[in-house]
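The values are calculated or read from the model by the stated rules, or taken from the named source; none is laboratory data. This structure is a prediction, so every number in the text was calculated from the model and none was measured. With ideal geometry, Cβ positions are generated from the backbone for all residues, glycine too; neighbour counts draw on all protein chains shown. Just so you know, the surface numbers come from the protein's heavy atoms only, side chains and all, with ligands and any DNA or RNA stripped out. Shrake-Rupley method; radii C 1.70, N 1.55, O 1.52, S 1.80 Å.
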Amino acid sequence: MFLRMLAQSFVRGRRRKVLAVAIIALSASLVTALMNLSINVGDKMSKEMKSYGANIHVAPKGDDIALEIGGIDYNPLKGRIFLREEDLPRIKEIFWQHNIVGFAPFLKTTALTETGKRVPLWGTMFDKLLPVESDEDFRAGVRVVNPFWQVQGEWPNDDDGASQKCRGGAADPAGLLAGETLAREMGWKCGDRIRVKVLDGEQREVFLTIRGLLRTGGPEESALVAPLSVVQKGTGWEGKVQSVSVSALTVPEDKLSRKARYDADSIDSLEYDRWYCTAYVSAIAHQLEEAIPNASARPLWQVAAGEGAVIGKIQLLMIVVTIAAFIASGLGISSLMATTILERSREIGLMKALGASDGEVYLLFLSESAVVGIVGGLAGCAAGAGLSQVLGLGVFGSTVAFHPILVPVNVLLSVLVALAGSLAPSRLIAKLFPAEVLYGRR
Amino acid sequence: MILFLTHCVRAFLPSAVLTGLLFALRRPANGKGAVRPVAGALAFGLGGGVLLFFVSRHQETVTATRAFLDAAGILSVLLMAGAVVSLEWMRSRAGLFFAAALGAVASFSFLTVCAEQALSAVSVLNTDLLMNIGGVLAGFSLTVFLVPLTNRLASRCGRGTLSCFFLAACALLVIPWSAEVLLGLMRLEKVALTSARLTFVAKAIHYSFLFPYIHLALLAALALLFFTGRTAFSARALSETAKPARRKMVGRMRLEARWFKCALASIGFILAVFLHHDLYASRPPRISKPVPLTPDTGGRIRVRIDDVADGNLHRFATVTEDGHVVRFFLINRASASAGGRKKIGVVYDACMLCGDMGYRQDKNDVVCIACNVRIFVPSIGKLGGCNPIPLPHEIDGESIVIRSEELNKGAQYFSQVVDVKGKK
């Protein structure tokens, strides 16, 4: 009987119900879109924190001081202080040596092409045999550290640069990778021989053969990536590297590592020992700093540093918008409910005259609101999923996957708002007396 | 999500049951109006507990505050019990104090448990955070529903039975609370640490997971009493009554049946959640069963390389002369890209740092169970970090030979001992 009455009230008053659903759906769609963006980044961040591998960036102390003004780096020491290549094997001598899967040193400079264009020239190791004490077959290089680097063609040989003696390019010159974007721009293809002039240090000219085209999705795509020894020779910075990317197997972040990160003073010696002897990325970074003189190591939280920082800043704004949207829709529901009750006062009077208690009439009207909330919430989710694509394209330049967790959250929120909106006007129900309304005195 | 649901139900279940019983105890004496002050006191207690938790965490006095709260709780329980026994309680304010103390202790202990597991790994809104909040909300609304449920179930009982139930539930609370107080006082060095005190505290904390089950059993007993004492009208009695009265009778029976079904469903659900947590979710991962091996007459164990070269972890166990069960495992540590080369790592199933919990294989990774570190598979067979302890061995053509003298040396790393007398 109760369900029949509920269904009837929707059929009879459908115009007003459609309006109420629309109000709820509007605010729910806005909230869905904002939450979806936030959750998208939040999930990626938490996946990053929970993963079992991480990259650690090792750079000389002082090199990582940001002195950027208007996008230009004014740090006078930038690129002028180095780590020593001979210290690199120490990375495999720390306590967690076996958890270091690989590392790749980098030496970055700029070079001038024959056409007079300045291009970034990076020196690194690709897949170099580097025997260390604990592992005779250890291979260092970007192929282990950055497995997502895709090369069209073949990988250059790390030892090419060392044997390159003649300057005239008569012998087979060292190989290198050209970033895909750069190669397209310059019209280079695999097998091309190029001559570039290094603009740092001793400013020598080097001859190189393009062995492959590099696709990474990062800034490497517009750079030349050569063997480390070639760049060291070209600049005269022999035996030096600027930074090292270390790839390590780690334990996901937990309470202790967060405490060590944010509140290092509060951990006691017992906790310090446990932290040091657990393969947290922060503990490994700390041990790398101990192992390599004058180095500072920090984990690379890629999402947390990029999109995460953006979302973190606008999260408060999102919360405020959410609350405002729901308050507005709650007020709309409230006024709709008040008119409905006054309009249907004779019906309420009749129900009461037939023996319905106040509670039962409340239940009918609040159930109506709940149904409106559910339908509005679902409609809002659907609309919000579309809206978040538009926002995603605007903010991050990519579409955003829809997160199913939003459906229950939004439906729950919408029902709560609809109920909250109808609570105040439904107090009118108690004030209606059957005799009065049925005689038409109110 | 389920973890937070469990913690929430576990923390608030006793308070919910006791509050329901308190309502039932007070009702006949004071009529309908008795609900509001108690509910107010309970809400005040819950809020106060939350506030106290954050203040004490900021002041770094969580232990002291907890001991103090538990002591206040014990005091309130004793007062309340005295009031119930002496039947003087209806006029006293012990009920209000009791409800406030219950709420404060429950919310404080819930937050202490929650603080150990972060709601979310990162500060940006994410699925885990929403799921965990959902778990807390679901658990809290379930326990809130238990209050009217208990009240309704208890309404069938006589005063004496009700008091018994109430006192039993109170006694169940006093045991863990007094253990907490004692532990707090010992940690703050206010009382001396004696072995008897420590034994009591350790036992109480070790078996503390049982108390929510007993509360649940009390609730089930109440439901059973409610069911046996339900209103039942015979078919004849129904047919003899006039229509309006009959409808009321049928309505009453239906209502009682609904409450009973609700009680069954809630108890079943909470029991399932508890069992899931205690029997499954909170258990550490287990190692796969080792294959038992015995050395041949020459004191050697032979394992064919081809049998263990598939990249999986092959665990074996042998019993040394002094009865230690020594586990070791073999794994092909050459990566798949090595072109079919076979490099077998032969190691004990134990770690220098973490002991003999062992290692397990999770897809391509080998994981130390004790500290959850992923072991870099090519490094298995080398000492250092959390790597398994290498086991010296020889390679004899197609098989790996392990001498039993080496295994006897490795017995020191393992704690499992079996009785070997039967063999002799």
Practice task
Have a look at B:Lys203, B:Lys190 and point out the one that is open to solvent by 60 Å² or more (accessible area, probe 1.4 Å), modelled with pLDDT of 90 or more and over 30 Å from B:Lys261 (Cβ atoms).
Solution key: B:Lys203
Practice task
From the list B:Thr231, B:Thr194, B:Thr199, pick out the single residue that is of a type in the set (Ser, Thr, Tyr) and under 26 Å from B:Ser76 (Cα atoms).
Solution key: B:Thr199
Exercise for the section: Take A:Met5 and decide whether it is at pLDDT below 90 and out of contact with any Leu (no Cβ under 8 Å at 6 or more places or on another chain). Expected result: no
Exercise for the section: Taking the residues in region A:92-117 that are within 14 Å of chain B (Cβ to nearest Cβ) and assigned to a strand (DSSP E or B) as candidates, determine which candidate is nearest to B:Cys351 (Cα to Cα). Expected result: A:Ile100
Handout entry: Identity of the residue in region A:293-321, modelled with pLDDT of 80 or more and among the small types (Gly, Ala, Ser), that ends up nearest to A:Lys44 (Cα to Cα)
Key = A:Ala297
Exercise for the section: Please work out if B:Phe329 is at pLDDT below 85, buried (at least 23 other Cβ atoms within 10 Å of the Cβ), touching a His at 6+ places or on another chain (Cβ under 9 Å) and within 30 Å of A:Asp273 (Cβ to Cβ). Expected result: no
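Could you look through region A:7-43, keep only residues that are of a type in the set (Ser, Thr, Tyr) and over 16 Å from A:Ser398 (Cα atoms), and pick out the one that is nearest to the other protein chains (Cβ to nearest Cβ)? Outline the logic, then answer.
Initially, region A:7-43 is screened for residues of a type in the set (Ser, Thr, Tyr), giving A:9, A:27, A:29, A:32, A:38.
Okay, now just the ones that are also over 16 Å from A:Ser398 (Cα atoms), so A:9, A:27, A:29, A:32.
Values: A:Ser9: 24, A:Ser27: 17, A:Ser29: 17, A:Thr32: 12 Å.
Across region A:7-43, the extreme among qualifying residues is A:Thr32.
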Practice task
Output the number of residues of region A:118-131 satisfying the condition of being open to solvent by less than 10 Å² (accessible area, probe 1.4 Å) and either outside any loop (DSSP other than H, G, I, E, B) or modelled with pLDDT under 85 (or both).
Solution key: 4
Exercise for the section: Using the structure shown, decide if A:Ser335 is crowded, with 16+ Cβ neighbours inside 10 Å and of a type in the set (S, T, N, Q). Expected result: no
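Matching residues to (1) in a helix (DSSP H, G or I); (2) more than 13 Å from chain A (Cβ to nearest Cβ):
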| site | (1), (2) |
| --- | --- |
| B:Ala99 | yes, yes |
| B:Phe110 | yes, yes |
| B:Val122 | no, no |
| B:Leu125 | no, no |
| B:Met131 | yes, no |
| B:Val136 | yes, yes |
| B:Pro148 | yes, yes |
| B:Leu153 | yes, yes |
| B:Cys157 | no, yes |
Practice task
Answer yes or no as to whether B:Gly134 is among the small types (Gly, Ala, Ser) and within 25 Å of A:Leu416 (Cα to Cα).
Solution key: yes
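Residue-wise test of (1) outside the structural domain of A:Ser29 (by TED's automatic domain parsing); (2) farther than 27 Å from A:Ile24 by Cβ; (3) not polar (S, T, N, Q).
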position: A:His403; (1), (2), (3): no, no, yes
position: A:Leu406; (1), (2), (3): no, no, yes
position: A:Val409; (1), (2), (3): no, no, yes
position: A:Leu413; (1), (2), (3): no, no, yes
position: A:Ala418; (1), (2), (3): no, no, yes
position: A:Gly421; (1), (2), (3): no, no, yes
position: A:Ser426; (1), (2), (3): no, no, no
position: A:Lys431; (1), (2), (3): no, no, yes
position: A:Pro434; (1), (2), (3): no, yes, yes
Practice task
Answer with yes or no whether B:Arg315 is more than 21 Å from A:Ser247 (Cβ to Cβ) and either open to solvent by less than 40 Å² (accessible area, probe 1.4 Å) or in a loop (DSSP other than H, G, I, E, B) (or both).
Solution key: yes
Exercise for the section: Could you check, for region B:386-409, whether at least one of its residues is out of contact with any Pro (no Cβ under 8 Å at 6 or more places or on another chain) and within 10 Å of chain A (Cβ to nearest Cβ)? Expected result: yes
Practice task
Output the residues belonging to region B:376-385 that are at the interface with chain A (Cβ under 7 Å from one of its Cβ atoms) and under 17 Å from A:Gly53 (Cβ atoms).
Solution key: B:Phe376, B:Ser379, B:Gly385
Exercise for the section: Tell me, please, whether a residue that is within 18 Å of B:Pro14 (Cα to Cα), of a type outside the set (Phe, Trp, Tyr) and either in contact with a Phe, Trp or Tyr (Cβ under 9 Å, 6 or more places away or on another chain) or part of a helix (DSSP H, G or I) (or both) can be found in region B:50-59. Expected result: yes
Fill in the blank from the handout: Within region B:189-217, residues of a type in the set (A, V, I, L, M) and either in contact with a Pro (Cβ under 8 Å, 6 or more places away or on another chain) or over 18 Å from B:Val105 (Cβ atoms) (or both) come out as B:Val191, B:Ala192, B:Leu193, B:Ala196, B:Leu198, B:Ala202, B:Ala204, B:Ile205, B:Leu210, B:Leu216, B:Ala217
Exercise for the section: Could you run through region B:256-297 and say how many residues are surrounded by 15 or more Cβ atoms within 10 Å (Cβ to Cβ) and among the charged types (D, E, K, R)? Expected result: 2
Handout entry: Scan of region B:291-337 for residues that are free of Cβ contacts under 8 Å to residues at least 12 places away in the same chain and under 13 Å from B:Val401 (Cβ atoms), ordered by number
Key = B:Asp296, B:Gly298
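Hey, could you check region A:134-149 for residues that are among the hydrophobic types (A, V, I, L, M, F, W, C) and open to solvent by 20 Å² or more (accessible area, probe 1.4 Å) and say which is farthest from the other protein chains (Cβ to nearest Cβ)?
Ranking the qualifying residues of region A:134-149, first place goes to A:Phe148.
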Practice task
Read through the list (1) within 35 Å of the chain's Cα centre (by Cα); (2) open to solvent by less than 50 Å² (accessible area, probe 1.4 Å); (3) modelled with pLDDT of 85 or more, then give the number of the only condition that B:Arg360 fails.
Solution key: (2)
Problem - Boolean, A:Glu343 is more than 14 Å from chain B (Cβ to nearest Cβ), surrounded by fewer than 21 Cβ atoms within 10 Å (Cβ to Cβ) and within 18 Å of A:Gln97 (Cβ to Cβ) - result: no
Problem - Among residues of region B:16-47, those that are surrounded by fewer than 18 Cβ atoms within 10 Å (Cβ to Cβ) and either out of contact with any helix residue (DSSP H, G or I) (no Cβ under 7 Å at 6 or more places or on another chain) or modelled with pLDDT of 85 or more (or both), counted - result: 12
Practice task
Considering only region A:272-293, state which residues are within 18 Å of A:Lys61 (Cβ to Cβ), assigned to a helix (DSSP H, G or I) and open to solvent by 50 Å² or more (accessible area, probe 1.4 Å).
Solution key: A:His286, A:Glu289, A:Glu290
Problem - Residues (at pLDDT 80 or above and not small (Gly, Ala, Ser)) located in region A:384-398 - result: A:Leu387, A:Gln389, A:Val390, A:Leu391, A:Leu393
